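Novice: Below are the structure tokens for one structure; questions will follow.
Every read-out reported here was derived from the displayed coordinates using simple, explicitly stated rules and does not represent laboratory data. From a predicted model like this one, the values you see are computed outputs, not experimental measurements. So basically every Cβ, Gly included, is an ideal-geometry build from the backbone, and we count neighbours across all protein chains shown.
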Amino acid sequence: MQLSEAIQFIQCDVLQHAPVSKWADLGCGSGLFSTALAHYLPAGSTIYAVDRKPASKIPGHGVQVLELDFVFDPFPFGALDGILMANSLHYVKDKAAFLQKLKRYSSTLLVIEYDIEKPVPTWVPYPVSYSKLSTHFPDRQIKKLRERPSAFGQGNMYAALIY
């Protein structure tokens with residue numbers, strides 16, 4: 001996915017009208033979606049780009065790269081305005097415990113996932129299909145933002161805002 005596509009994929013009112021904010025991108029990898037998020041947030045905002053092996057530098061204003069395991073390590077930041085998880089929630093085995101952890105930081109979650117239910121070992125070990133997303137967030141609103149074919153031919157990818 002190209003940066004322009006990532007920017008369009010996460011477009012939503014929450015981001016388009018965001019004030020100076022603090023967000024975390026958990027499982028940021030190369031930083032593609034951290035950079036896309038920085039496109040929307042105004043100057044003065046902070047994005048914590050978190051991964052076990054993050055890119056050493058991620059373009060975009062306010063991006064702070066943090067090397068840690070977002071599932072098991074404590075977060076070195078406080079309350080956030082939002083959390084972005086682009087193709088990373090499917091690496092979390094105990095989603096119930098992990099989502100309890102996230103509630104302490106933000107009630108807004110932007111998720112990008114593969115819309116599949118059958119695991120793909122090492123690549124998508126614990127999938128989160130869109131139809132099953134509500135089982136993990138029974139008390140929250142969920143809005144599907146976009147959908148597109150996966151580049152790997154394994155169904156579609158979706159972006160959803162949970163609030």
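Novice: Can you give me the Cα centroid spacing of the range 59-108 and the range 109-163 in angstrom?
Specialist: Between the Cα centre of the range 59-108 and that of the range 109-163, the gap is 16 Å.
Novice: If we count other beta carbons within 10 Å of each Cβ, what is the order of CYS12, CYS28, fewest first?
Specialist: Values: CYS12 18, CYS28 29.
Listed from fewest to most nearby Cβ atoms, that is CYS12, CYS28.
Novice: Based on DSSP, what percent of beta bridges with both residues in the chain are antiparallel, to the nearest 5? Intermediate values should be presented prior to the final figure.
Specialist: Details: 14 of 31 bridges.
Rounded to the nearest five, the antiparallel share is 45 percent.
Novice: Sorting check: for 40-49, 1-10, which peptide has the highest mean count of neighbouring beta carbons within 10 Å, and how do the rest follow?
Specialist: Working: 40-49: 19.0, 1-10: 15.7.
My ranking of the peptides, most packed first, is 40-49, 1-10.
Novice: So what is the 222 nm mean residue ellipticity for the chain from helices alone, if each DSSP H run of at least 4 adds -39500 (n - 2.57) and you divide by all residues, rounding to the nearest 500 deg cm²/dmol?
Specialist: On the way: 5 runs with 36 residues, N = 163.
Dividing the helical sum by the residues of the chain leaves -5500 deg cm²/dmol.
Novice: Tell me the net charge near THR135. Cut-off is 15 Å between Cβ atoms, THR135 excluded, with +1 for each Lys or Arg and -1 for each Asp or Glu. Walk me through the numbers before you get to the answer.
Specialist: Numbers: positive: LYS95, LYS132, ARG140; negative: ASP94, GLU113, ASP115, GLU117, ASP139.
Neighbour charge sum, excluding THR135 itself: -2.
Novice: Moving on. For LEU15, what charge total do you get from the other residues with a beta carbon under 14 Å from its beta carbon, if Lys and Arg give +1 and Asp and Glu give -1?
Specialist: So the environment of LEU15 carries a net charge of 0.
Novice: Additional query: In percent, what relative contact order does the range 30-145 have, based on Cα pairs under 8 Å that are 6 or more apart in sequence? Display every interim value, and only then the final one.
Specialist: Values: 145 pairs, mean separation 21.0, N = 116.
For the range 30-145, the relative contact order is 18 percent.
Novice: Still on this model: For Rg/Rh (Cα atoms, Kirkwood Rh), the choices are [x] 1.32; [y] 1.03; [z] 0.92; which was calculated from the structure?
Specialist: Checked against the structure: label [z].
Novice: If amide hydrogens are placed 1.01 Å from N in the peptide plane, which non-local residues have theirs closer than 5 Å to the one on TYR48?
Specialist: Sorted by chain and number, the residues that satisfy this are TRP23, ALA24, ASP25, GLN64.
Novice: Tell me the label-point distance for the pair THR122, HIS61, using the 7 Å Cα-to-Cβ offset, in nm and rounded to one decimal.
Specialist: 4.1
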